[in-house]
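The values are calculated or read from the model by the stated rules, or taken from the named source; none is laboratory data. In this text, all values refer to a predicted model and were calculated from it rather than measured experimentally. Here the Cβ positions follow ideal geometry from the backbone for every residue, glycine too, while neighbour counts run over all protein chains shown. Heavy atoms of the whole protein, side chains included, go into the accessibility calculation; ligands, DNA and RNA do not. Shrake-Rupley method; radii C 1.70, N 1.55, O 1.52, S 1.80 Å.
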Amino acid sequence: MSNRELGQEPFTIFSRKDDHILASIISNVDMGSTWFEKIHIITDSAPDIDISEIDTTTEFLGKRLSLPLIIGALTGGTDLGLKINKILAQVAERFKIGICCGSQRIALENESARESFRIIKEEAPSTLKIANIGAPQIALERDEKKIIDMCLEAIDMIDADALAIHLNPLQECLQYEGEPSFKNLLSRIELIVKELKRPIIVKEVGYGISRTTARKLSNIGVAAIEVAGRGGTCFTVIEKYRVQNVIDRELLEMYDVLSELGIPTLLSLCEVLEEFSGKIIASGGIRSGLDVAKAVMLGADVTSIARPFLERALEGIERVVRYVERISRELRIIMFLTGSRNLRELKENTELLVESDILEVFKMRGLRKCIERVMRCT
Ligand SMILES: Cc1cc2nc3c(=O)[nH]c(=O)nc-3n(C[C@H](O)[C@H](O)[C@H](O)COP(=O)(O)O)c2cc1C
């Protein structure tokens, strides 16, 4: 079934971009839990360290970041998208954190939409930048040369250090104008990995990557996985908001039924850690420096936050700046309280307590690495 069979197409790609922004700020679109509240940091009240000697920097895909943090994929293509991307890029450059742009499909198809993405390379010339395209764009294109050209164009548009490909099968099913067509996707991603010779990141959009998916991605050589699990922004809620006036009540209920789907971010991170030896970005409901610290302690290389940056960018750059400063401060405090001079020590030398129901889940899913991690005592 094509979603377009549902009726007359009431949206354009331009209106969709701003609808997503609007829908995600006017109502609470966080759904479920990340499960991060189920793990606890064991602190040390006599750390042999001064807070001023703490180093939160990390190297990620060839760039040095001041924090293990990337501004997540959000938008681009419209006037509003341009304003948001400008602010986010300025903040990324100022703090030397990463930035991933929203899907560039709109700009690959419409010259007029390109400026809202180019602004990222203008405002953030030196920090880590990640280009972004979607799974259906790759799966539906038959011409392999066109796929590679499209990827190169997306990278060139923002002078990106890496390319993110977002996997969003559930969103494609729920999006009115979605294209739930993923046949040949993996072989196409493999082709991109081989031909592009740039790091390829594969990400979800809020439903999490399972260990089965991670194994498939590992086999085709992707450089990094961004888990984008459940517990943060939920596209089931966003897409329901968009279609509420154009579909009947029966179909609208489908959105409520399917809102239970998604792998919590903590579980997704642990599943990916088990199968994947490349770089791992923890995301989906990461909201604070405490979440960043827990993700790094479990084994993530960096983290990514999306919607909270959008909300603050709409209020102006100062709110975004203060948010990054807050996350940095919270992370430093956790590092101080665990005697961690740097992120390696935070990852390797600290103690985590996990609630018994989560330990049971780890056992059920055969997540040996995470079990070893939480059993480890310094
Ligand atoms: C308004 C909005 C637009 C988004 N657009 C994209 C996109 O174009 N490409 C993409 O890969 N992810 C997109 N995402 C998903 C985010 O990158 C992220 O994976 C997801 O929101 C979970 O993170 P969060 O809980 O921190 O928001 C979007 C999210 C929001 C809120």
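Here are a few things to note about the model shown:
- Set 298, 314, 359: member being buried (at least 21 other Cβ atoms within 10 Å of the Cβ) and either of a type outside the set (Gly, Ala, Ser) or at pLDDT 95 or above (or both): 298
- When residues in the stretch 173-205 are screened for being of a type in the set (A, V, I, L, M, F, W, C) and open to solvent by 20 Å² or more (accessible area, probe 1.4 Å), 6 of them pass.
- Unique match (being open to solvent by 50 Å² or more (accessible area, probe 1.4 Å), among the charged types (D, E, K, R) and farther than 22 Å from residue 287 by Cα) among 344, 368: 368
- Of all residues in the stretch 336-378, those satisfying the criterion of being of a type in the set (Asp, Glu) and touching a residue at least 60 places away in the same chain (Cβ under 8 Å) are 351, 355, 357.
- Screening the stretch 218-229 for residues that are more than 19 Å from residue 295 (Cβ to Cβ) and surrounded by 17 or more Cβ atoms within 10 Å (Cβ to Cβ) and picking the one that is nearest to the ligand (Cβ to nearest atom) gives 222.
- In the stretch 323-334 there is at least one residue matching the filter, namely being acidic (Asp, Glu), away from the ligand (no atom under 15 Å from the Cβ) and open to solvent by 40 Å² or more (accessible area, probe 1.4 Å).
- Pick from the stretch 230-246, criterion more than 10 Å from the ligand (Cβ to nearest atom), open to solvent by 30 Å² or more (accessible area, probe 1.4 Å) and in contact (Cβ under 8 Å) with a residue 12 or more places away in the chain, ranking: nearest to residue 358 (Cα to Cα): 237
- Complete set of residues in the stretch 25-53 that are more than 11 Å from the ligand (Cβ to nearest atom), open to solvent by less than 10 Å² (accessible area, probe 1.4 Å) and not aromatic (Phe, Trp, Tyr): 39
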